[in-house]
Each structure stands twice: as C-alpha cells, then as structure tokens.
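What follows is a short report on a single structure.
The values are calculated or read from the model by the stated rules, or taken from the named source; none is laboratory data. For clarity, every value in this text was computed on a predicted model and none was experimentally measured. Cβ sites come from the backbone with ideal geometry, for glycine too, and all protein chains shown count toward neighbours. Keep in mind that these areas ignore ligands, DNA and RNA; they rest on the heavy atoms of the full protein, side chains included. Shrake-Rupley method; radii C 1.70, N 1.55, O 1.52, S 1.80 Å.
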Amino acid sequence: MNAELSRPAADLLTEIESIAPPEGTCPPRAWLHSDAPVLSLNGTWRVRFSPSAAETPDDGWQTGTGSGKDWGDLTVPGHWALQPRAGQGTGAPWYTNVQYPFPVDPPHVPDDNVIGDHVTRFKLDDRFLPHARLRFGGVEAGATVWLNGERLGTIRGSRLTHEFDLTGFARAGDNVLAVRVFQWTAASYAEDQDMWWLPGIFRDVEVLARPVGGIEDVFVHADYDPSTGDGELTVEVSSDGAAVIDCPELGLSGVPADQRHPVAEVRPWTAETPHRYRVVVSTATEQVTLQVGFRRIEVVDAQLMVNGRPILLRGMNRHEFDPDHGRFVSPERARTELLIMKQHNVNAVRTSHYPPAAWFCDLADELGLWVMVENDLETHGFVSGHFDGDPAKEPAWRDALLDRMHRTVERDKNHPSVFCWSLGNEAGDGDNLAAMADWTNDRDPDRLLHYEGDQRSGKVGLWSQMYTSHADVLAIGEGREEPLADPELQRHRSGLPFVLCEYGHALGTGPGGMSEYQELFETHPRLAGGFVWEWIDHGIRTTDDHGREFFAYGGDFGEPLHDGAFVTDGCVFPDLTTKPALRDFKKVAEPVRISIADNRVTIRNGYDHRDTSHLSFVWTAGRKHGELDVPVLESGEETTMTLPRKAGSGTVTVSALIAEDLPWGEAGYEIAWGQRVAEPPPVPTVRPRRRLDDRGRLGPARFDGRHRLTSLFGVPVSGPELVLGRAPTHNDLARGTVRVGDGSADQVWQRQRLDLLQPRLLSATLTDGLEVRQRWGALGQQAAVITTMTWHADDDAVALSFRAEPEGPWGDYWARIGLEFVVDKVIKKVTWTGGGPGQAYPDCGQGARQGEWSATVDELQVPYLRPQESGARTKVSRLGLERGFVVTGEPFGFTVRPWSQAELVAAAHPHELPTTDRTHLIIDAAQHGVGTAACGPGVLPAYVLTPQPAALELVFTKR
Ligand code: GAL
C-alpha cells in the first residue's frame, strides 16, 4: 500500500500511524505564572484542508503565507468542524461513546483522514531571543509543527500540553508557524472518550520567552500537620540560576529553594476553606508566582483523610464543553461553571477523561474544589475484540502512555485542589498502566492515585467503581465485598477508601436513587462519596433547515455510526442552565442537614472541615419569617432548638443562608433547607345538588352521550381517560444493571400495551350525580383496569371520585396511574400548592419543597435534548389552570403540557414538538420511579409501581 503512495505521502502516513511519543518536545513541566514575556498566537490563522494523507500537497506551504484559492481563515483556538466556512467539506462533528468511529486496526487510520494545514505569522522582538518556547495547550488528534520551515517535532496526546524549544529556530522580526493537524492518528486509539470527535487546535498557542538563568520548573510541597497546625514548605526549583523564595505572609524572605521551611500555624487549604499563600520564586532573571495551599492527604483505616479529617466527595465528572466552541472553553465560562457547582453543593470534580485547560485548577484552587485530574487516555473500543491489542498492555505503546501520564502530572503538580491523579478511564488493564502507576506514585507520593479499570487496585490509593448498585456499595461500605483471590492484593484493597468515580447517571429525566447513595456515603466511613455522571450535556448548537436553533447530539450530523443522545447526560444544559438533576443534587449533597419535628429544629454541620460561622438561619411560614439564633457549629456538631411560637403549627421551612458575600455566592443565598409539612386542608365537600339533565349537564360540567366530559365551567375539556403509560425516559428505554421484570421498563410496558388502552362502558348510573364504570383493556390483552368515576355537582363545584382496580394478568409494573384531561384551548399559566418549583418523580425531585408556586406552561417543561416524560409536580393539593379551572384534591401529581404523550414520543428534539391549541392535563395517583437504567441500576424496589388499585378524590371549581 505504502509503495503506491508518493514518498512524501508515504512518510506522512508513517508519521500519522506512529505510536511513538511526541517527538522534539521539551520535557513536561509545570504551567507557571512567570514574569517572562508571553506572546499569544491565538487569532485568525490561514488553513487549508486535504481529505487524506495521499492527497496532501507537499508544496513548501510551511514557509508560505497561506494564500491561494485553497486557503481560508480559521479562528485558533477552534475545532474546524465547528467553523463551517473554514471547514467546507472537512467532516462534521462525530459522536461515539465506546465504539471507535473507524475500524479497530491499530495503529492504522482510515484513508479518509482530513488534514488541516495551519499557518500563522508573528513577529518576535529581542525579549524572545535567543531562547523561547512554543506552547500548545491542546491539538486534536495530533500534529506536526514547523517554524520558519524547520520541523520542530510532533504533538501526540490531544488534551496534553506540548512545548517546543525555539532556540535556533525563532528569529527577530517575522516568523512563520506551520502546523499540520490530523483528524486521526494512531493516538486516536488512546483517545476513545465518550464525546464528540473534534479535530483542531482547540487550546491556546503561545510563545514564552525563556530568560537565561530562568526557572524551568517548580514542584511545591506544602505539608500541613493537623496535630500541630504547623506547615512545611519545600519548593523544588529547576534552574540554572540560584533560586530564592519569598512569602511575606509566612515570614519567608529570600530563603533558599530546595530546602524544607517549617512554618508555624498555617491556615490549611481545603475545598471548604481554600486559603492560599502567595509564594514568589525568583532567580536573577525570572520570577514565578505560586498560590500555595498547605494540606495533607492520607488514607487512614480505609478512610480518605485531608488534614486529619475524613472528607466526603460530592463530585461531578466534568468534560470541557461549550455548545458553540466544543472543547475550547473560555476561563470566564469555566469560572461560571465552578460558581454554579459551588452554589449547588458540589465540592469535587473529576476531569473526565483528560486534563482540562491549564488554568482550570487555578480556579479550583481559588474557589475550593477537590480535583481528580485524569490522564488523557481511554481505549474502551477495544472491548469489541476482548481488549486484544489494547495499548494498555502492548509493549510498543508503553513510552507513549508513560509520556501521557508525565505530561498530566507535571503540568498540574502545584495545585492544592488536586488531591488525586487518575491514570485514565476505561483503558483495560496491563503492564503499561502498572508502569504509569509506579512512575506517578514515585513522582508524587503526596497525592492519591486512581484507576477504575483494574479492580485488583494494587497500585492505587482509592478503590473505585462506576454505577455500582446500592446493595453492592453497602456491602463495600460494610467490608463485605467479594475478596480478591490474591491475599496480598486483598489486604491492600481492603485498606482503601472506596469512591464511585461515576454514579447517578443524569441522562434525561432523573437520576433516581441519589439520596440512597448519599445515605450510604454518609453512613459508612470507608465510602468517600463519588462523582455524578456528568456535569454538562454535550449538545452542539446548530440550526435545522428552517433556521430553527437546537442542540444537536449523535446522528444529527449524519454520522454513519453514533451513540445518539447518550452524550446529553449532564446536570446542566449546554448553555449552563441548570437541569432538575443539579437542583436535586444540591439538596441531596447539602453540607448542613436541617430537620424539623413538631416545633424542634435540629441542625447538623456536615461540612468536613469548616464551622457554620458563614451561615445564618431563617425560618419561613407563609408570609411570616424570622432569624434563628443558631450557635456556630463545628464540623460534625449538631444542635436542636425550639421554633419561635410565631412560626405556628403549619408548614415551616428552615433555611441555611450565606450570611455575608462569599466568592461564590451572595449573602442570602440558600445552601440547605429542611421542612415540616402541615397536613393539606381537607378536600372541600360537594353536596350533590344537581342531577344530570337530558342535555348532559351536571352543574358546571357537561357530558356527551357516552358519559364523557365535554366541558367544565364552559371550558371545553374531554376525558378523563385512564393513563398507565408515559413517553419513555432514557432510563425507561434501557435494561439497567439491576432491574425489575424482563427487559427495559419500556419493553415491560410495550408488552402490556399500556399506551393502547380502550374503554368499554360497563354501566352509567344516574344517582344523585353520575356514576360511570368502565373497563379499560389494552389491545390484544386480557388484563384490564375497572374504573369507577363518580361525579357530583352543586352550582359552583364538580366532584370526581375515581377508583381503579386492576384485573387479570398484568405485567410487572406500570408507568403511572393517572387521568388525562384534554383542555381544548391553550393554557398559558398554572399556579399550584404542593411540591415545587421543579419536577419530581418518586425517586428524584429532592429539590422540590412544599409551597405556593406559579409557572408558565412553558416553564413547566424540561427541555431535555430528546423529549421524554418530564415536568411532573407531586404532592399537590391545589392546581389552578389560568382561564381554565381549579382542581383541589388529596395530594396528587400533575403534568400540564401542550402535547399528547404520542407527540412527545415522536419528537427527537424539543424544536420538533408541534405547536398545538390544546393543553393536556394528567392527574396522577402514582408514578413509577425513574432510576438510572440508562447506565447503572434501575428503579429501586421501593419505587416500583406494581399494578395496584388506586383512588383520587378531586374537586373542580372555577377559581
Ligand atoms: C462510563 C464512561 C463515561 C460515560 C458513561 C456513560 O462507562 O466512563 O465516559 O461513557 O459510562 O455515559
């Protein structure tokens, strides 16, 4: 094959398919904040594309200006597939999860391999001569780099930093930088993360001046001794010149580097108390500023300890994603992300599944988050061949994999937020991983090491799994796990804390079961918490043929092989608006627990390290409210106090609020709450005063000849119809690791034909109202539900008493038991008393509380990137439809939307939902849980809706 290619093309292919580490780069080092000059090369570059190595011109372009008809403009940093004008015909974004979007034929790549030749020109002055570095933050999926026509070397490791020494290559005045970027390289086999494949120079490109005698690298060790409160600072410096350290706050002035400096009484760094000291390292020619945090990370008795106290990870898996720019995320946007995390009680981030932009950990250091920095490595797609040829075990890949880990650790090694390194994600197991682990443990013994893919866990400091069932997590918490065959490995593993590096899969409606995990984490010391999968939906903003904007997922760009909407499993939407999952997480993970029984409030400080002096506590009961004088609680302390008499005996909420502005939240922002819920008022009785007349009128209600409602208070309404089904959520469509019944929930429901119920009138009796008995059978099925709807009315109100009794051989469970009313007009707004403001299902919706709420019908919907059952409110005692009617009842659930369930099922994206002039109201007696079967365990037994009798008592009034 190669023989048929021209020499340059054959050489190019050889380079693309090389599994060697990058060539010509400087040894990896920390990303330092130096006073040496920096020149950003970000901006508009010239680019041209070739469809394959064979068709890539070898025309001396590396010294050209990038002019001519084949060349266009491209913004760097940027993925070319997201800049369609530059990237005409260069391939679209492509989403796959586990599977590679090319044949598994390592190290070969397909002939179709878009190659982007990038050129930029820049001027250098004396400050950058004779020594400078060229630094790339991230180039997918590898590149070759030339300066002024001279080849500097190669980039491999798309999310890893690469530096080239420009000594002897750079010149005063004009310079030409040429970068040839490949859609696929052999390195793509090591980069099979669950995300869009998006080639391009997507992170910053800079030239760094390197003064003679400057600071090449720094490694800070800032230990904290919890028994004395003292610290010890050692700053290892690599430099040709002598380096000294200054930190006035610590009383250090001009002290030598590379020595231990004991410092008395330091303020330690934790995610809750991110205190940093500004340390300046100087040589005669360069100064580097570090933000140092003192802390000690240890494993003691299988517990994850920081500064002598156990910590609990309330974490998120964060991919870098922006709906317009892909994996190019601005620091401003990332700061917003971290503020949202802090405001939702997130205290940890796993940088799934690659190192983030270099400044990310600065933000985490500043705002306070525990960070697990993960290496850029995943080879999951080898699973299709039983991991045969997996880079993790092939000796030929060893240097490249080690190089990846070196780059990961060296760049971020000075951040106090980084408590742990991760070898990568789902890369099988093998000697190369073992070598990476050995190197990491040796290089940085002060942090823990993580890798989930090898359950023997012999070289790691945390035992980790993903999506483990609650029952198995409990067993691990209690030390009852299945032991390893090797006693030595078993001894090691049984001494490790356990984390769920992924759980609570947030795809679509859900996730169910988060509270139960949190309870396990908070009960068993060995369980150190976990990281929800995942932080953000990777939906790419695009438009359809009619110019309607939407967020695209797998398949929307015509990819021949893809994993659909599986990439939309975030706790925030692509534009960073929060999803119900995040609001629920905020409640589940709250660091202060507030419970109220009778008139006694108990408040417990669940922070790992800090007291509650930054909080104030208030009670609210309807319009009344007041402060609670809560003593400052140390970590783990609790107090109980009596509510003031003024709070009354009804529903009362006690909230923990930020007392004074914090870097991540304003004074008055609520971080935790507890509620005592009063009994709902009794359903008003309707004394039957009207009888059904011969025109079908029963007080304010009207019925047709088949005893179906046609209007209420003059508002056209049809129904009610029994509903047992729902538009399947992502979780309903999957089988799950722990399931009830056979197959997915949707299969269980399809077999029962829950969405194909047909009524047959059994009897219609004119009592002092109307009693309608019906048999609801599913098409082709023997099973049925017998319903009795008894209607009464007076002049102002209509009462419906509903009873349902299942009959015959139903399947394992239903989706819901509800009544659907179709209002033949557009309802714009609703108000309700009950759970809100957000949605709730039996096993999620923890963020919802009792109150009086109002929302537009639009606001009631959750715009999941693929429409599905969503938007239910539960524990509702009163619902008002604006310009419609009011429903009062024993607590019920409701869903109001302009679409039928069939319309919801038919739409692949929110913008495909039709505009209707109807409003569908479903009143539920019960719903099935949601679970996380899309990835992980299904619905827990307590939330399974087995076929069962149900009842609803409802009263309809005009207002
Ligand atoms: C895990 C994987 C993640 C993601 C998740 C499902 O196996 O580590 O990257 O694919 O499953 O969304």
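Brief remarks follow.
- Relative contact order (%) - the chain, alpha-carbon pairs under 8 angstrom, separation at least six: 9 percent
- Between helix 398-412 and the chain: long-axis angle, C-alpha atoms, 0 to 90°, nearest 10: 80 degrees
- Note on region 84-166: with charges restricted to the Cβ of Lys and Arg (+1) and Asp and Glu (-1), its dipole about the Cα centre is near 320 debye.
- Computed from Cα atoms, the angle from the helix 514-523 axis to the main principal axis of the chain rounds to 70 degrees.
- FRET efficiency, 1/(1 + (r/R0)^6) with R0 35 Å, evaluated for residue 624 and residue 522 via beta carbons: 0.60
- Two-site FRET efficiency, residue 359 against residue 482, from Cβ-Cβ distance with R₀ of 51 Å, rounded to 0.05: 0.75
- Cα centroid separation, region 633-703 to region 418-446 (Å): 50 Å
- Percent carbon-and-sulfur accessible area, region 106-204, ignoring ligands, DNA and RNA, probe 1.4 Å: 47 percent
- Only protein heavy atoms count here; on that basis, with a 1.4 Å probe, residue 105 has an accessible area of about 80 Å².
- Cross-link pairs 393/459; 579/624; 579/875; 393/413; 579/825; 413/459 - those with Cα-Cα distance over 23 Å: 579/624; 393/413; 579/825
- Taking 0.36 nm per residue of separation and subtracting the current Cα-Cα distance, fully stretching the chain between residue 679 and residue 611 would add 21.0 nm.
- CD proxy at 222 nm, helix term only [per DSSP H run n ≥ 4: -39500 (n - 2.57); per residue of the chain; nearest 500]: -3500 deg cm²/dmol
- Full-stretch length increase - residue 775, residue 858 - with 0.36 nm per residue and alpha-carbon distance subtracted: 26.4 nm
- Pairs from the list 587/958; 586/958; 587/829 with a Cα-Cα gap above 29 Å: 587/958; 586/958.
- For the chain, the longest principal axis of the alpha carbon atoms and the long axis of helix 431-443 meet at an angle near 70°.
- Furthest towards positive pole of dipole, 455, 116, 560, structure part the chain, Cβ charges: 560
- Rg to Rh, two decimals, where region 191-333 supplies the alpha carbon set and Rh follows Kirkwood: 1.06
- Relative contact order computed over region 357-414 (Cα-Cα under 8 Å; 6+ residues apart), in percent: 38 percent
- For region 534-685, the fraction of 1.4 Å probe accessible surface lying on carbon and sulfur atoms is 48 percent.
- For region 1-64 and region 509-579, distance of Cα centres in Å: 34 Å
- Computed about the Cα centre, the dipole magnitude for region 415-505 is approximately 220 debye when only Lys and Arg (+1) and Asp and Glu (-1) carry charge, each at its Cβ.
- For region 292-333 versus region 826-849, the spacing of their alpha-carbon centroids is 32 Å.
- Per residue, the accessible area of the chain comes to 38 Å² when a 1.4 Å probe rolls over the protein heavy atoms.
- Think of region 290-441 as having a plus end and a minus end, set by charges on the Cβ of Lys, Arg, Asp and Glu; of 316, 437, 422, 316 sits farthest toward the positive end of this dipole.
- Within the accessible surface of region 377-493, defined with a 1.4 Å probe on protein heavy atoms only, the carbon and sulfur portion equals 49 percent.
- Note on residue 123 and residue 635: the model spin-label points, each 7 Å out from Cα along the C-beta direction, lie 5.5 nm apart.
- Gain on full stretching of the segment that runs from residue 38 to residue 299 - 0.36 nm per residue minus C-alpha separation: 89.9 nm
- Note on residue 765 and residue 642: the model spin-label points, each 7 Å out from Cα along the C-beta direction, lie 5.4 nm apart.
- Estimated dipole of the chain in Debye, rounded to 20 [Cβ of Lys and Arg +1, of Asp and Glu -1, Cα centre]: 4200 debye
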